[in-house]
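First comes the structure, then the notes that go with it.
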Amino acid sequence: MPLEVSGKHLSNGDLAVGGGAAVALIACFLPWTTYTQSLTSDFHIPAGTSSTSVNAFGAWSGWLFFLVLLVVAGVFLARWFALGGLPALPAADFYVYVGGGALMLLLALVFIPTTSESEQYLNGTLASSTGAGLIIAILAAVAIGVGGYLKRGEAQPAS
């Protein structure tokens, strides 16, 4: 069911791309990985735990995820909300959205092994777990890709 915003009709593909980009932007600032360290004393008595989390900007793949997101969101916003619009690109818009969503998905999946650790130390254990932000980012990247696929039959502006 299309939606009308600012005098423009947004299709289901537009809603998926725009919504996915907005959710991905929020997910970049949520915890992607949580590190928990359990400490023990010299006599192997539990001495407490500490934890910290890392968002998308804690690894190179998260930074690239964010940069690809800016490109996808920039094309989407320029296409629909700029006064003069965006001239025709060398490739159809849906290629930008599908390719951007696929690249974002790949970068989010690469983030997992680059930041995961689990080690046993003499005075405790360090373990990592996947955060909610990474799972939300993966789902948002899939939404952007699916939205781009839904836009494949839409007309492109003339060059």
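Please compute the length gained on full extension between Ser129 and Val71, using 0.36 nm multiplied by the number of residues separating them and subtracting their Cα-Cα distance.
Values: separation 58, 0.36 × 58 = 20.88 nm, distance 2.91 nm.
Additional length available on full extension: 18.0 nm.
Quick check on the exposure proxy: order Leu150, Leu126, Leu3 from fewest to most C-beta atoms within 10 angstrom.
Values: Leu150 19, Leu126 15, Leu3 12.
With the sparsest Cβ surroundings first, the list reads Leu3, Leu126, Leu150.
Using amide H atoms built in the peptide plane, which far-off residues or other-chain residues are under 5 Å from Ser53 H to H?
Long-range HN contacts for Ser53: Tyr35.
Quick one: which residues, 5+ away or cross-chain, put their amide H under 5 Å from the amide H of Ala92? H built at 1.01 Å from N.
Residues meeting the criterion, in which the H sits 1.01 Å from N, do not exist here.
Hey, with R₀ at 30 Å, roughly what FRET efficiency would Phe57 and Tyr149 work out to, going by the Cβ-Cβ distance, to 0.05? Intermediate results must be reported in sequence, preceding the final value.
Details: r = 29 Å, r/R0 = 0.96.
According to the calculation, E is roughly 0.55.
Which distance in nm do the two modelled labels at Ser50 and Thr114 give, with both placed 7 Å along the Cα-to-Cβ direction?
Each label point lies 7 Å from its Cα, and together they span 2.6 nm.
FYI, it's all coordinate maths here, none of it is from the lab. The structure presented is a predicted model; accordingly, all values stated were derived computationally and were not measured. Quick reminder, even Gly has a Cβ in these numbers, built from the backbone with ideal geometry, and neighbours come from all protein chains shown.
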